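Working notes, structure below.
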Amino acid sequence: MKATPDAGIRKPLALLGVYSILSFISLIMLVPFLWMLSTSFKEPQDIFTYPPKLIPTAFRLQNYVDVFQLIPFQRFYFNSVYIAFIVVLGTVFFASLAGYAFAKIPFKGRNIVFLVLLSAMMIPHEVTAIPLFLFMRELNWIDTHLPLILLPIFGAGGVFGIFVMRQFFITVPTELEEAAMIDGCNRFRIYAQIMLPIAKPGLATLTIFTFVTVWNEFFDPLIFINSRDLMTLPLGLSLFTDEVGTSWHYLMSATVMATVPLLIVFFLAQRRFIEGVAMTGLKE
Amino acid sequence: MKEVGKKRRRGPLVREAQIAGWLFVSPMVLGFTLLLLFPMAQALYMSLMDWPLLGEHHFIGLNNYWNIATDYLFWKVFGNTIYFTVGLVPFNIVLALLLALLLSKSFKGIGLFRTAIFVPVMTSLIVWSIVWKYMFATDSGLINQVLLLLDIKGPAWLYDEKLAMPSVIVTSVLKNVGLNMVLFIAAIQQVPRSLYEAAMLDGAGKAKSFFNVTLPMITPTVFLTVVMTIIGSLKVFGQIYVMTQGGPSGSTKVLVYYIWEKAFKLFQMGYASALAFILFFVVLVLTLLQWQLRKRWVFNESDT
């Protein structure tokens, strides 16, 4: 996201105004994070002290240790990480494979299938969730991670992935493929050895976007998971909220730990993520 | 016609393309059929049935829909959903547009501001809602503590029938305004510079060139974003689940929360499916409207 170079603001007074508005709004956005961090180190009695203190009197790291005694936090963490990992791998593989075919291989019915896929993206997940619940129950998959892995890969998330990858592959010149075909490469080799390496930027965008979506998913875990040990972070945290009530110091240290990896991923790959967001705007 | 000629000449290649094409898309198409299309049809069927989780289910025609139409709670929930949407959408769009206008210029520190406003978008909705539940807490919450510094005794935000919904709306706007902002910035930056130069030559000031150049040029994006934001608002769930559980006394119970409750707490699967289908119809109408207008407005699409 580059700003237009010659669209700068020249009048100092106007600039001051812009800075104050933006600082105020940015502050509102950042205060929850600062307050979360601050509370996570507070002694229980400090939470109710008045006036509020942003910097705690005593830094109590013990809160972070205690959380692990109160809830199986390491399990939530592990579940979230490994589910996100598999979903990202699966989505990237199947969506890029299909996206390549939709962009580059002229097979019969291609346009119709693609159109059906795209239109199905507007089906609200809440509609299919009820039959899916019964379906998973028949298969004895309730309270397993299978629904949490398969639904994002092959549901709306996967279709979005196809769309992103197709947009990307369409821009690749056909000559490249033709040359490879003449050399006797089959389609899968063209896909794996020529197309995928070219598509790295698209794959990166899709990876980041899928990761963040899966990491934050809440509705599916809520309906498919019952056992504590199988919960992911968002579900585990929401349950913990009900249980600890106003022990905000524990709750905040848990939310800090759940948020930090995401912030790291975001700052490393901010541009890619925003690209992904811009694509969601396109698809609808 | 050219295609036919090509086909004859490159027979084996064309056949190879059929096989490879279908092979490559088949995992996705199969998964999609089983996990999206089939459940969709099943949901429609279930909405016409009396379908408890255990025990017999039987066909009851449109009775679920009829019961919904006469269900006092449904209308309350529907009203709450509309209230949430009407409260959120203008607030979100105007703020996002204002921020996009300020942040599509170039000056020092712009990246920091953009990041600060965008960070909540990728934060987990659950985490964001938990933190705001804490900020809104009656005694220990930051908001009431700050109000106390000004000698104001803050209300019980989330436990007051009148204040709970506005509190959730504010939380939701702050969570997602960065998303719309990014879409608007992208649109504003695509407006050709020459249009502004022409407007300036004609003697248009800043305000005039905003209303006569920027706004008309980004109208398609604004409209698409409005529809997307409406659809998102109609599906609000996570923040309600965490912050209010639909309370106090049902004042924040929204449609998806009601669907979830009926389906997965009370296990009235048929009734819940009918409720979900009503949501689908609303979303469908909005999406079709959007496509229709998009066709009229967006000229420079690379493909369709």
Quick one: which helices (runs of 4 or more DSSP H) sit completely within the range B:184-251 and have at least 3 residues that are at pLDDT 90 or above?
-> B:215-234, B:238-243
Just wondering, is there one or more residues in the range B:136-149 that are in a helix (DSSP H, G or I), crowded, with 17+ Cβ neighbours inside 10 Å and within 7 Å of another protein chain (Cβ to nearest Cβ)?
-> yes
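Among the residues of the range B:50-57, is there at least one that is within 25 Å of the chain's Cα centre (by Cα), more than 8 Å from chain A (Cβ to nearest Cβ) and more than 30 Å from A:V113 (Cα to Cα)?
The initial filter retains those residues of the range B:50-57 that are within 25 Å of the chain's Cα centre (by Cα), namely none.
Looking through the range B:50-57, none of the residues is within 25 Å of the chain's Cα centre (by Cα), more than 8 Å from chain A (Cβ to nearest Cβ) and more than 30 Å from A:V113 (Cα to Cα).
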How many residues does the range A:93-127 hold that are touching a residue at least 12 places away in the same chain (Cβ under 8 Å), part of a helix (DSSP H, G or I) and out of contact with any Gly (no Cβ under 6 Å at 6 or more places or on another chain)?
-> 15
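Can you tell me how many residues within the range A:164-200 are part of a helix (DSSP H, G or I), among the acidic types (D, E) and more than 12 Å from chain B (Cβ to nearest Cβ)?
Step one: filter the range A:164-200 for residues part of a helix (DSSP H, G or I), giving A:164-170, A:174-182, A:187-198, A:200.
Still in the list and also among the acidic types (D, E): A:175, A:177-178.
Checking which are more than 12 Å from chain B (Cβ to nearest Cβ) leaves us with A:175.
The qualifying residues number 1.
Within the range B:244-252, is even one residue free of Cβ contacts under 8 Å to residues at least 40 places away in the same chain and not acidic (D, E)? Break it down stepwise before answering.
As a first pass, look at the range B:244-252 and keep what is free of Cβ contacts under 8 Å to residues at least 40 places away in the same chain: B:245-246.
Now narrow it down to the ones that are not acidic (D, E): B:245-246.
Yes, the conditions are met somewhere in the range B:244-252.
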Spot the failing condition for A:T91; the list is (1) under 30 Å from B:E16 (Cβ atoms); (2) away from chain B (no Cβ under 12 Å); (3) buried (at least 17 other Cβ atoms within 10 Å of the Cβ), and only one is missed.
-> (2)
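Could you go through the range B:163-173 and let me know if any residue there is outside any helix (DSSP H, G or I), surrounded by fewer than 23 Cβ atoms within 10 Å (Cβ to Cβ), modelled with pLDDT of 90 or more and not hydrophobic (A, V, I, L, M, F, W, C). Working first, answer last.
As a first pass, look at the range B:163-173 and keep what is outside any helix (DSSP H, G or I): B:163.
Pick out the ones that are also surrounded by fewer than 23 Cβ atoms within 10 Å (Cβ to Cβ) and you get B:163.
Now drop any that are not modelled with pLDDT of 90 or more, which leaves B:163.
Remaining after also requiring not hydrophobic (A, V, I, L, M, F, W, C): none.
No; the residues of the range B:163-173 include none that is outside any helix (DSSP H, G or I), surrounded by fewer than 23 Cβ atoms within 10 Å (Cβ to Cβ), modelled with pLDDT of 90 or more and not hydrophobic (A, V, I, L, M, F, W, C).
Among the residues of the range A:43-79, write down those that are part of a loop (DSSP other than H, G, I, E, B) and at pLDDT 85 or above.
Answer for the range A:43-79, where residues must be part of a loop (DSSP other than H, G, I, E, B) and at pLDDT 85 or above: A:I71, A:P72.
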Hey, among the residues in the range B:269-297 that are at pLDDT below 90 and more than 10 Å from chain A (Cβ to nearest Cβ), which one's nearest to the chain's Cα centre (by Cα)?
-> B:L289
Counted residues in the range B:89-129 being small (G, A, S), under 18 Å from B:K175 (Cβ atoms) and touching a residue at least 24 places away in the same chain (Cβ under 8 Å) come to 3
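Looking only at the range B:257-268, count every residue that is in a helix (DSSP H, G or I), over 18 Å from B:E56 (Cα atoms) and free of Cβ contacts under 8 Å to residues at least 40 places away in the same chain and tell me the total.
Of all residues in the range B:257-268, those in a helix (DSSP H, G or I) come to B:257-264.
Checking which are over 18 Å from B:E56 (Cα atoms) leaves us with B:257-261.
Then drop every residue that is not free of Cβ contacts under 8 Å to residues at least 40 places away in the same chain, which leaves B:259-261.
Going through the range B:257-268 one residue at a time, the tally reaches 3.
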Counting only residues that are surrounded by fewer than 18 Cβ atoms within 10 Å (Cβ to Cβ) and within 21 Å of the chain's Cα centre (by Cα), how many does the range A:240-278 have?
-> 8
Just checking, which of A:A129, A:A120, A:A101 is among the small types (G, A, S), under 15 Å from B:F38 (Cα atoms) and surrounded by 22 or more Cβ atoms within 10 Å (Cβ to Cβ)?
-> A:A129
Among the residues of the range A:225-256, count how many are assigned to a helix (DSSP H, G or I) and within 10 Å of another protein chain (Cβ to nearest Cβ).
-> 15
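Return yes when B:I185 is within 11 Å of another protein chain (Cβ to nearest Cβ) and either more than 23 Å from A:E275 (Cβ to Cβ) or loosely packed, with under 15 Cβ neighbours inside 10 Å (or both) and no when it is not. Give the derivation first.
Numbers: within 11 Å of another protein chain (Cβ to nearest Cβ): yes; either more than 23 Å from A:E275 (Cβ to Cβ) or loosely packed, with under 15 Cβ neighbours inside 10 Å (or both): no.
The answer is no for B:I185.
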Taking B:F84, is it aromatic (F, W, Y), in contact with a Phe, Trp or Tyr (Cβ under 7 Å, 6 or more places away or on another chain), part of a helix (DSSP H, G or I) and buried (at least 18 other Cβ atoms within 10 Å of the Cβ)?
-> no
Restrict the check to the range A:134-141 and report whether at least one residue is more than 27 Å from B:G270 (Cα to Cα), assigned to a helix (DSSP H, G or I) and aromatic (F, W, Y).
-> no
Within the bounds of the range A:209-216, is there any residue that is more than 23 Å from A:F160 (Cβ to Cβ), at pLDDT 80 or above, assigned to a helix (DSSP H, G or I) and not charged (D, E, K, R)?
-> no
Could you please let me know if B:A41 is within 13 Å of another protein chain (Cβ to nearest Cβ) and either within 23 Å of the chain's Cα centre (by Cα) or under 26 Å from B:V227 (Cα atoms) (or both)?
-> yes
Qualifying position, being under 25 Å from the mean Cα position of the chain (by Cα) and either more than 9 Å from chain B (Cβ to nearest Cβ) or within 30 Å of B:D151 (Cβ to Cβ) (or both), among A:F48, A:F133, A:F102, A:F85 | A:F85
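Inspect the range B:76-91 for any residue being hydrophobic (A, V, I, L, M, F, W, C), assigned by TED's automatic domain parsing to the domain that holds B:F237 and over 25 Å from the mean Cα position of the chain (by Cα) and give the result as yes or no.
Checking the range B:76-91: not a single residue is hydrophobic (A, V, I, L, M, F, W, C), assigned by TED's automatic domain parsing to the domain that holds B:F237 and over 25 Å from the mean Cα position of the chain (by Cα).
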Close pairs (9 angstrom Cβ cut-off, 6 or more residues apart or separate chains): in the same structural domain as A:T128 (by TED's automatic domain parsing) in the range A:208-223, among the charged types (D, E, K, R) anywhere = A:I208/A:R272; A:I208/A:E275; A:F209/A:R272; A:F209/A:E275; A:F219/A:E126
Evaluation of A:A204 against (1) in contact (Cβ under 8 Å) with a residue 60 or more places away in the chain; (2) within 11 Å of chain B (Cβ to nearest Cβ); (3) under 30 Å from B:F24 (Cα atoms) (one fails), failing number | (2)
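The values are calculated or read from the model by the stated rules, or taken from the named source; none is laboratory data. Quick caveat: nothing in here was measured; it's all calculated off a predicted structure. Reconstructed Cβ throughout: ideal geometry from the backbone, glycine too, with neighbour counts over all protein chains shown.
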